[in-house]
Amino acid sequence: MTRSAEAALLLTASVVAAFGTALVGFTRGIGLDAQVALTFIVFVGAFGAIHLSLRRWAPSANPYLFPLAAILAAIGLTEVYRLDPELGSVQRWSLLIAAGGASGLIFLLRGDGVAVLRRYRYLFLTLGVVLLLLPWLPDEWLVHGIEANGSRLWVGLDLPGRTLSFQPGEIAKLLLAVFLASYLADHHLAMGTTRRNIGRLALPPLRQFGPILLAAAAAFAVLVYQRDLGASLLIFALFVGAIYLATGQLAYIVAGAALVVAGGVTSYQLFGHVQRRVGAWLDPFADFSDTGYQVAQGLFAFGSGSLTGSGVGMGRPDLIPAAATDFIFAAVAEEMGFAGAVAVIAGFALLVAAGFGIALHTRDLFRRFLAACLTLVLALQTLLILAGVLRLFPITGITLPFMSYGGTSLVANMLLLAMLARISHGARA
Amino acid sequence: MPALFLNLLKLIFLALVYLFLWQVARSIGGHVGAPQAARSTNRAGEMVVVRSDSIAGQRFPIGAPAVLGRSDQADIVIDDPYASDFHVRVGVQDGTVLASDLGSTNGTYVNGRRVTVPTPLIQGDSLQIGKTILEVR
């Protein structure tokens, strides 16, 4: 069960993707068209390139990571293409670019590449914070920030005729994970063992936590100021989770949860946009036509999906605002039903299990922490947005990895898998 | 397109997705969870003497708890004037490697910090007894 099995799975995922595109064609009454072939070629090309790079530079890497990403991407692209064929074809280009990036990273990290990452942690931290700050570039510049839906998260590059835009925060989370893993690999023992006692209260060693707290505060401040609820929660949970992984002390999770609640209550008092989101979470039907509209439409989509869904192209997921990005899971649930939604969750669960499995199989501390931190990023992001769409948690605008429409998100998550794959190669060698 | 045909296609699509996930779930077992070697207690690595005047380079397997000390009666004899007769006990207990100081005069240091309670050791940790340093591998 190795590389040739991976090839078979990737090919199956490509067939599923082409099948999805064909389904959209059938319900539109166009039947089979060139788009079906195009989807198939893009999937085979993108994942084939990754597969060949793995064969060449990481032959004993975990063979399930990219097939799972491929099946999720196939389901996601089917819905994106169904919602808007225009977006679907952009997403196919993004997939090719993401696959190129992932193959390149597998090449760069060959040999001792992963160990090199460990040495430049403060460079990565600085780069990460700079990326988070990029959206503040003034509007007049060639490279400038873009404001959308009340948050300034995008950076645009003006080219003749069109503007290329991307979301630097998506890449920043990877750099922060590398920083965290490197820092923890050097300091986890001191962080876990030495403690000062004040009365009955055991205090962690502040000197060891200084840099990590500063880093968390910097990343957090930027994101809160940018009003990016999803990314700030994601980064905060990543830091808390990583510290827990490194020290094994449950107290950090409790303290982190308490801070989230305290921060949530404070920002609820201070910011209108937080109030709107919490209001939509508690009772989306109280203000159905305005603030609660998106969440309520999402719930309708789940309700009308039933067991096997309406069928691709036969529901009305287009009624949900941001159906192709944040709410893609609701679109899947409506048109592929409970069965499709469970398949998506199962796919992510297997991916996360494989990621933590890589961490457990790796003996080198830095790689072990890096695998765990990267998996944590993936798991937390998935949980936050799925819980938001299902109304288990206030909606925090972030993308569902591999499935949502969005080039930067796709590239960032494929790079994440490339790093995981490279680490898993080292673990088994 | 007749509705029946479209419904059939919808079910085939879902079936394909589930077939795929089933294939992965069936064979992913070995890649998930902790590796077997780490769980078993008899393969817990070894200690290598990395600094010592007389016994540098010696290797001792880590397994059932063994006493390290200067005395001839110790399981592993550490030839070091600063080591106590029965200095520290190292061994696998409940799947983890523990170092328990036996009330030594000059103390036991794990990664440079003095430890007085049983302390888990992992790969890469250093264990200092007197002037002798061992590394867990």
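The values are calculated or read from the model by the stated rules, or taken from the named source; none is laboratory data. Fair warning: this is a prediction, and the values are worked out from it, not measured in the lab. With ideal geometry, Cβ positions are generated from the backbone for all residues, glycine too; neighbour counts draw on all protein chains shown. Note: accessible area is taken over every heavy atom of the protein model, side chains too, but ligands, DNA and RNA are not part of it. Shrake-Rupley method; radii C 1.70, N 1.55, O 1.52, S 1.80 Å.
For this structure, a couple of remarks:
- Positions within the stretch A:267-293 being within 17 Å of A:Asp228 (Cβ to Cβ) and in a helix (DSSP H, G or I), in sequence order: A:Ser267, A:Tyr268, A:Leu270, A:Gly272, A:His273, A:Val274, A:Gln275, A:Arg276, A:Arg277, A:Val278
- Where A:Gly31 falls short, out of the listed (1) at pLDDT 95 or above; (2) farther than 16 Å from A:Ala74 by Cα: (1)
- The one condition in (1) more than 14 Å from every other protein chain (Cβ to nearest Cβ); (2) open to solvent by 30 Å² or more (accessible area, probe 1.4 Å); (3) outside any helix (DSSP H, G or I); (4) not basic (Lys, Arg) that A:Val260 fails to fulfil: (3)
- Any chance B:Thr116 is within 14 Å of chain A (Cβ to nearest Cβ), open to solvent by 20 Å² or more (accessible area, probe 1.4 Å) and under 22 Å from A:Thr247 (Cα atoms): yes
- Residues located in the stretch B:55-69, provided they are over 19 Å from the mean Cα position of the chain (by Cα) and open to solvent by less than 20 Å² (accessible area, probe 1.4 Å): B:Ile55, B:Gly69
- Set side by side, the residues A:Asp364, A:Asp326 differ, and just one is in contact (Cβ under 8 Å) with a residue 40 or more places away in the chain and either more than 23 Å from A:Phe288 (Cα to Cα) or in contact with a Leu (Cβ under 6 Å, 6 or more places away or on another chain) (or both), which is A:Asp364.
- Tally of residues being modelled with pLDDT of 85 or more and either within 12 Å of the chain's Cα centre (by Cα) or part of a strand (DSSP E or B) (or both) across the stretch B:93-113: 8
This table checks each residue for (1) touching a strand residue (DSSP E or B) at 6+ places or on another chain (Cβ under 8 Å); (2) more than 16 Å from A:Ala181 (Cβ to Cβ); (3) in contact (Cβ under 8 Å) with a residue 12 or more places away in the chain.
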residue: A:Glu86; (1), (2), (3): no, yes, no
residue: A:Leu96; (1), (2), (3): no, yes, yes
residue: A:Gly100; (1), (2), (3): no, yes, yes
residue: A:Ser103; (1), (2), (3): no, yes, yes
residue: A:Leu109; (1), (2), (3): no, no, yes
residue: A:Val116; (1), (2), (3): no, no, no
residue: A:Gly128; (1), (2), (3): no, no, yes
residue: A:Leu131; (1), (2), (3): no, yes, yes
residue: A:Leu134; (1), (2), (3): yes, yes, yes
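- Candidates A:Val222, A:Val240, A:Val261, A:Val265 - the one that is farther than 20 Å from A:Gly388 by Cα, modelled with pLDDT of 85 or more and β-branched (Val, Ile, Thr): A:Val240
Residue-by-condition table, conditions (1) part of a helix (DSSP H, G or I); (2) out of contact with any Leu (no Cβ under 9 Å at 6 or more places or on another chain); (3) at pLDDT below 95; (4) under 24 Å from B:Ala15 (Cβ atoms):
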{"site": "A:Val16", "(1), (2), (3), (4)": "yes, no, no, yes"}
{"site": "A:Arg56", "(1), (2), (3), (4)": "yes, yes, yes, no"}
{"site": "A:Ser60", "(1), (2), (3), (4)": "no, yes, yes, no"}
{"site": "A:Thr78", "(1), (2), (3), (4)": "yes, no, no, yes"}
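- Inclusion of A:Thr39 among residues that are within 13 Å of another protein chain (Cβ to nearest Cβ), in a helix (DSSP H, G or I) and of a type in the set (S, T, N, Q) is not warranted.
- Filtered by the rule that a residue be more than 18 Å from A:Glu6 (Cβ to Cβ), open to solvent by 10 Å² or more (accessible area, probe 1.4 Å) and within 14 Å of chain B (Cβ to nearest Cβ), the stretch A:55-111 gives A:Leu77, A:Tyr81, A:Arg82.
- Scan the stretch A:164-188 for residues that are of a type in the set (S, T, N, Q) and modelled with pLDDT of 90 or more and the total you get is 1.
- Qualifying residue in the stretch A:212-219 (condition: open to solvent by 60 Å² or more (accessible area, probe 1.4 Å), in contact (Cβ under 8 Å) with a residue 40 or more places away in the chain and closer than 20 Å to A:Gly128 by Cβ): no
- One residue stands out in the stretch A:324-334 among those that are open to solvent by 10 Å² or more (accessible area, probe 1.4 Å) and assigned to a loop (DSSP other than H, G, I, E, B): the one that is farthest from A:Leu77 (Cα to Cα), namely A:Asp326.
- Screening the candidates A:Gly45, A:Gly20, A:Gly29 for the property of being within 9 Å of chain B (Cβ to nearest Cβ) and open to solvent by 10 Å² or more (accessible area, probe 1.4 Å) yields one hit, A:Gly29.
- Restricting attention to the stretch A:357-387 and to residues that are aliphatic (A, V, I, L, M) and within 11 Å of chain B (Cβ to nearest Cβ), the residue that is most open to solvent (accessible area, probe 1.4 Å) turns out to be A:Leu360.
- Any hit, the stretch A:417-424, residues being of a type in the set (Val, Ile, Thr) and away from every other protein chain (no Cβ under 14 Å): no
- Residue count, the stretch A:335-356 (criterion: open to solvent by 10 Å² or more (accessible area, probe 1.4 Å) and either at the interface with chain B (Cβ under 9 Å from one of its Cβ atoms) or among the β-branched types (Val, Ile, Thr) (or both)): 8
- Residue in the stretch B:17-32 that is farthest from the other protein chains (Cβ to nearest Cβ), counting only those that are closer than 21 Å to A:Thr78 by Cα and open to solvent by 40 Å² or more (accessible area, probe 1.4 Å): B:Trp22
- Complete set of residues in the stretch A:300-321 that are in contact (Cβ under 8 Å) with a residue 60 or more places away in the chain and either part of a loop (DSSP other than H, G, I, E, B) or open to solvent by less than 10 Å² (accessible area, probe 1.4 Å) (or both): A:Gly311, A:Val312, A:Gly313, A:Met314, A:Pro317
- Some residue of the stretch A:405-412 being more than 11 Å from chain B (Cβ to nearest Cβ), hydroxyl-bearing (Ser, Thr, Tyr) and surrounded by fewer than 24 Cβ atoms within 10 Å (Cβ to Cβ): yes
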